[in-house]
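Heads up, the thing below is written out as structure tokens.
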Amino acid sequence: MDNTWATPIYFRALEKGVDLAIQSGTKYIGGHADTMLGSAAANASAWPHLSETVYDMGLCLGPDDMYFGLRGLRTLGVRLAHHNAAGVKVARWLEARSEILRVLHPALESHPGHAVWRRDYTGASGLFSVVFKPAPAGAIHAFLDALALFGLGDSWGGFESLAIPFDCTTARSAVPWAPGGPTVRFHIGLEDVCDLIEDLERGFAAFAAAL
């Protein structure tokens, strides 16, 4: 499984029975949006296959990326604690907005996977999505354009907060995706939560003006 969202701090993949856990170290492990690295961990049954693959392909990290990864690990716990707390606070604030249909964050009681999250995870990261009530694309663009602290970006897991429109229908095949409205993916970074909420209020004002 891909354990990048929770990291091994909040989900102990191998202890939960996962055979092979991969991790994008570019995101929370690096934490500063300035490196490219990743990792893979395997249990006893999958380890021979993983070890053979690494040996055949000659995979290894460069010294600079290794340095950035080690630097990030030193502050990973502190940063994740902030991402966790801030992400839940912003998600709950968004859930109460009249413009929002639902918030896709497993730490919220309204999420259909909340019971599984409580059972298996010890925390959450800053990445989640929100589904707006049906609105024209121009209103969503106005919302995003009005944000000053949230950048636009596909990656996540760094210190910065991000927001980007997201359409799962182009990348999802096993389970149908019918959200009911336009979807925006947020990553809550290390900025002050009150500043982020003020920024989102500015976005919603622009959203309302564009309807």
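Scanning region 109-145 for residues that are among the aliphatic types (A, V, I, L, M) and not in a loop (DSSP other than H, G, I, E, B) yields Ala115, Val116, Leu127, Val130, Val131, Ala137, Ala139, Ile140, Ala142, Leu144. Can you find a residue in region 49-71 that is of a type outside the set (A, V, I, L, M, F, W, C), surrounded by 17 or more Cβ atoms within 10 Å (Cβ to Cβ) and assigned to a strand (DSSP E or B)? No, region 49-71 contains no residue that is of a type outside the set (A, V, I, L, M, F, W, C), surrounded by 17 or more Cβ atoms within 10 Å (Cβ to Cβ) and assigned to a strand (DSSP E or B). The single condition from (1) part of a loop (DSSP other than H, G, I, E, B); (2) crowded, with 16+ Cβ neighbours inside 10 Å; (3) small (Gly, Ala, Ser) that Ser173 fails is (2). Pick from region 151-170 the residues that are within 20 Å of Thr75 (Cα to Cα) and either not small (Gly, Ala, Ser) or not assigned by TED's automatic domain parsing to the domain that holds Phe204 (or both): which of them is surrounded by the most Cβ atoms within 10 Å (Cβ to Cβ)? By that ranking, first place goes to Trp156.
Applying the condition of being of a type in the set (Ser, Thr, Tyr) and more than 20 Å from Gly157 (Cβ to Cβ) to region 85-137 and asking which residue is surrounded by the fewest Cβ atoms within 10 Å (Cβ to Cβ) yields Ser98.
On inspection, Ala41 qualifies as not in a loop (DSSP other than H, G, I, E, B) and not β-branched (Val, Ile, Thr). Count of region 14-31 residues, restricted to those that are among the small types (Gly, Ala, Ser), part of a loop (DSSP other than H, G, I, E, B) and closer than 18 Å to Leu73 by Cα, is 3. Considering the conditions (1) touching a strand residue (DSSP E or B) at 6+ places or on another chain (Cβ under 8 Å); (2) at pLDDT below 95; (3) among the hydroxyl-bearing types (Ser, Thr, Tyr), Thr170 is excluded by exactly one of them, (1). Taken together, Leu37, Leu14 contain a single residue that is hydrophobic (A, V, I, L, M, F, W, C), within 21 Å of Leu162 (Cα to Cα) and outside the structural domain of Glu160 (by TED's automatic domain parsing), which is Leu37. Checking each residue in region 176-191 for being more than 20 Å from Asn3 (Cα to Cα) and either of a type in the set (Val, Ile, Thr) or in contact (Cβ under 8 Å) with a residue 24 or more places away in the chain (or both) picks out Pro179, Gly180, Gly181, Pro182, Thr183, Val184, Leu190, Glu191.
Hey, any hits in region 60-77 for a residue that's touching a helix residue (DSSP H, G or I) at 6+ places or on another chain (Cβ under 8 Å) and without any contact (Cβ under 8 Å) to a residue 40 or more places away in the chain? Yes, the conditions are met somewhere in region 60-77.
Can you list residue pairs whose Cβ atoms sit under 6 Å apart, with the first residue in region 83-112 being in the same structural domain as Ile188 (by TED's automatic domain parsing) and polar (S, T, N, Q) and the second being part of a loop (DSSP other than H, G, I, E, B) and crowded, with 17+ Cβ neighbours inside 10 Å? Count only pairs 6 or more apart in sequence or on different chains. Taking only residues 6 or more apart or on different chains, the pairs are Asn84/Gly123; Asn84/Ala124.
The values are calculated or read from the model by the stated rules, or taken from the named source; none is laboratory data. What you see is a predicted model; the values in this text were computed from it and never measured. Note that each Cβ is placed from the backbone with ideal geometry, even for glycine, and that neighbours are counted across all protein chains shown.
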